[in-house]
Each structure stands twice: as structure tokens, then as C-alpha cells.
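Comments concern the structure below.
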Amino acid sequence: MTDSDVPAASAIWAAEQVTGELRETYLAVAAATVLLERLSAGCAHPAIRQARRSGEDALDLAGDAEQQLRDGVGRLRAEAGSEEPVTIGGLVAALDIVRDRLGAAATRIGRFPARITTAGQQLLDADRPGLLDDAVTEQWQQAAGQLDLMAESLTAAVAALAAYTGGLSGAEPATT
């Protein structure tokens, strides 16, 4: 990676983020189309048929777009393996981008456990009969714990990268 590859790395990261968000949206659309299919079983109304076709078309297009994004990112990554060695400045700049992105992810993921806990409490407050809600909220709490650990790991990665790049650039004593 060279100094000029920092924008390319940033572009790859942005494309990967879009791909991830597209995947999340795809799942939401797929769930909605399944629900539409179930609710409209046996209905021959043209508007319902159009809605089903449009949902299916959207899923096909999303799948194609995701594949194109993944292919492009894959080609860029393959090309990166055949480039000149990186300069210290280029390495620091690239690692700073990685550090910033990991920090943003840690912040975002760090908010998820509280949201999951709130959702679990809302489910329990609904006071529905049966034991399913208790089991689900327990699973959600386990997921929240895992996300807490993930946020901590990302925060540790950010700190490690900051120390490393600080040492490389001479801003801080080098770490080993």
C-alpha cells in the first residue's frame, strides 16, 4: 500500500459498509415480502400482484448490487497484493483510517446493549402469557453481553493502533 492507496482503502471500506447495510435491508425486504405473500395468499387483485412482483424484483436487484460491490472490492483487494511497499507515512495514514473506523464501530456497537435491554424490558412489560418471552429476553441479554465484549475489543484495538501509529510517527514512544 502506498500513500495514494489511502483513498482506495477508504473507498473499499465505504463499499463494504454499503454492502453490509444492503444485506440488512435485503433481509427486511425479504421478511416483508414473505409477510405480504402470506397475507395475500389467494388474492388476485392487480395491486397486490404488483406489490409482490415489485418486492421480488427489489430482492433480485439488491442481490445483484451486492454481488457487484463484493466483486469490485475483491478485485481491489487482489490488486493491493501486487503493489509497492508502503511508506511509514502511508502506513500511519492507513492505520489511522482503520483506527477511526474501528472507533466509530465501537461507539455504535456500544449503544446496542442498552437498546437490546430496553427491548427486552418492553417485551416483559407486555405481560404476555407463556415462558417464551422470558427465554427470548434471556437470549437477548446474552447477545447484549456479547456486544459489550465486542465493543470492548474494538476499543482495545483502537487504543493499540493509536499507540502503534504514535510510535511509528514519533508522536509517542514506540510500543513492542
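The values are calculated or read from the model by the stated rules, or taken from the named source; none is laboratory data. Computed from a predicted model, the values in this text were never measured in an experiment. Counting neighbours? That spans all protein chains shown, and the Cβs are built from the backbone with ideal geometry, glycine included.
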Review point. If you check Thr25 against the conditions, is it within 30 Å of Asp100 (Cβ to Cβ), at pLDDT below 85 and more than 20 Å from the chain's Cα centre (by Cα)?
Key: no
Point to revise | Condition check for Thr137: touching a helix residue (DSSP H, G or I) at 6+ places or on another chain (Cβ under 9 Å), of a type in the set (S, T, N, Q), farther than 15 Å from Pro113 by Cα and buried (at least 16 other Cβ atoms within 10 Å of the Cβ) | key: no
Check your understanding: What residue, among those in segment 91-145 that are among the basic types (Lys, Arg) and assigned to a helix (DSSP H, G or I), is farthest from Thr165 (Cα to Cα)?
Key -> Arg115
Study note, to complete from the structure: Contact list, first residue from segment 83-96 and in the same structural domain as Leu154 (by TED's automatic domain parsing) and small (Gly, Ala, Ser), second anywhere and assigned to a helix (DSSP H, G or I) and modelled with pLDDT under 80, beta-carbon distance below 6 Å, six or more apart or interchain, is Ala93/Val6; Ala94/Val6; Ala94/Ala9
Check your understanding: Among the residues of segment 30-49, is any in the same structural domain as Gly20 (by TED's automatic domain parsing), surrounded by 11 or more Cβ atoms within 10 Å (Cβ to Cβ), among the basic types (Lys, Arg) and under 22 Å from Gly20 (Cβ atoms)?
Key -> no
